[in-house]
Amino acid sequence: MNGPKGGPLMAVAVLGLVVTFGAGWAVGQNGSDETSQAVSTPAPDITSVATPAATTPDPDDTVLPAETSTQPSDSDDYAASRIKLPSVDKWKTPPVAVFRCPKATVTVSTSDQLQRALDTAKAGTSIRIADGLYTGKFRTSRDGTAKKPIYLCGGRGAVLEAGAVKGGYSLHFDGASYWRANGFTVRNGQKGIMVDAGTGIGLQNLLVEQIGDEAVHLRTGSTKNVVRGLTIRDTGRRKPQYGEGVYIGTAESNWCEYTDCQPDPSNDNFVLGNTISGTTAESVDIKEGTKGGVLSGNTFNGSAMTEGDSWVDVKGNGWLISNNTGTSSRADGYKVLEILDGWGWRNLFAANRSTVKGSGYAVNVTKRHSDNVVLCDNTVTSAAKGLTTIDCSRK
């Protein structure tokens, strides 16, 4: 859903960390730091998707031909939004690897201690949050580095909350980059976790619940972040129309407020292996202006939606949406929308399993000639109108 998403504009950082990722989302909190080693648990099963021969160009370099003359031209105001069709294997190379929390360098047990640790953290700091209730609008603008991120770790019994569903952000990474947050609970804020202009942040194995608006929001040029293995539930308690699970970017109606009237380049973010339910709006909302992200291995339950009519709205370009499982939607499983000319193009849907129980499609591509691709390995049951609005592709 569209709507105000408050917060300042921050400078965009750049991340160069690319690693191999498997489907082992949940990991322990003790042990060594993240590595570029492949996770040993089985990867999502998309092996039925055809892959190019070794002599052909890499699939990331393949651009589908224009379907009609309605394709954006080089003179179009949004020509910069044009992007290549993603590879079906892109989910394997997330910008932040599965990680383990190292030994704590700082342990906190009060709200004041937690905020002080967030204010003074530096590259390599490892903050351990003891079990207990931490009330406040917790915020940091401190940076780690790609080689020495800052860790913020705790068990489920460590609960961060803003105090009310109108109480602001429970946890705000405000221009902060290279953090790793793992294990603890975030609840009872207007927004759960907000990332503004953050790069290389890994949110992993967190519980985010009882939120006034959206649970997790990556915004204002937040790039190359990973949201992995979260349990997200019970959003939209303040305004149901803003109750998304994960929200990427900024609605065009708010660009002039937050991004100088330009698209919000919250690009190359990965949303992997999360369980999202009890949201009043979409499980995931991918806004116009975002490019090149991955939504893979997630589980969606839309039975609580009162405002959204699909688990996922896709309004950006070049996204891979693969190997997700969804159930119960008011209309569609996934909906691709062209909010502005040149946006909502060249997204790839692969190996998703949809039990829609709604009035629409598993994948509703609302502008049929927009170079979106729905592979035939997507499956659907209980969708009144079937798999998709376009012909599925076998490769």
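Some points to look at:
Each row is one residue, and each column tells you yes or no for (1) out of contact with any helix residue (DSSP H, G or I) (no Cβ under 7 Å at 6 or more places or on another chain); (2) among the acidic types (Asp, Glu); (3) farther than 17 Å from VAL336 by Cα; (4) assigned to a strand (DSSP E or B).
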| residue | (1), (2), (3), (4) |
| --- | --- |
| PHE349 | yes, no, no, yes |
| SER354 | yes, no, no, yes |
| ARG368 | yes, no, no, no |
| LEU387 | yes, no, no, yes |
| ASP391 | yes, yes, no, no |
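- For segment 277-290, the criterion of being in contact with a Pro (Cβ under 6 Å, 6 or more places away or on another chain), farther than 18 Å from LYS191 by Cα, in a loop (DSSP other than H, G, I, E, B) and modelled with pLDDT of 95 or more is met by at least one residue.
- Residue that is over 19 Å from TRP179 (Cβ atoms) and either crowded, with 24+ Cβ neighbours inside 10 Å or free of Cβ contacts under 8 Å to residues at least 24 places away in the same chain (or both), where the choices are GLU252, GLU244: GLU244
- Within segment 299-319, considering residues that are outside any loop (DSSP other than H, G, I, E, B) and not small (Gly, Ala, Ser), the one farthest from ASP213 (Cα to Cα): ASN317
- Only one entry of VAL271, VAL186 meets the criterion of being buried (at least 24 other Cβ atoms within 10 Å of the Cβ) and out of contact with any Ser or Thr (no Cβ under 6 Å at 6 or more places or on another chain), and that entry is VAL271.
- Matching residues in segment 251-273 - criterion: being touching a strand residue (DSSP E or B) at 6+ places or on another chain (Cβ under 6 Å) and assigned to a loop (DSSP other than H, G, I, E, B): SER266, ASN267, ASP268, ASN269, GLY273
- Per the listing GLY326, GLY344, the residue uniquely in a loop (DSSP other than H, G, I, E, B) and within 23 Å of GLY292 (Cβ to Cβ) is GLY344.
- Of all residues making up segment 123-182, the number that are under 22 Å from TYR258 (Cβ atoms), touching a residue at least 60 places away in the same chain (Cβ under 8 Å) and polar (S, T, N, Q): 1
- So SER328, is it hydroxyl-bearing (Ser, Thr, Tyr), out of contact with any Leu (no Cβ under 7 Å at 6 or more places or on another chain) and modelled with pLDDT of 95 or more: yes
The values are calculated or read from the model by the stated rules, or taken from the named source; none is laboratory data. Remember, it's a predicted structure, so these values are computed and weren't measured experimentally. Neighbour counts run over all protein chains shown; Cβ positions are idealised from the backbone, glycine included.
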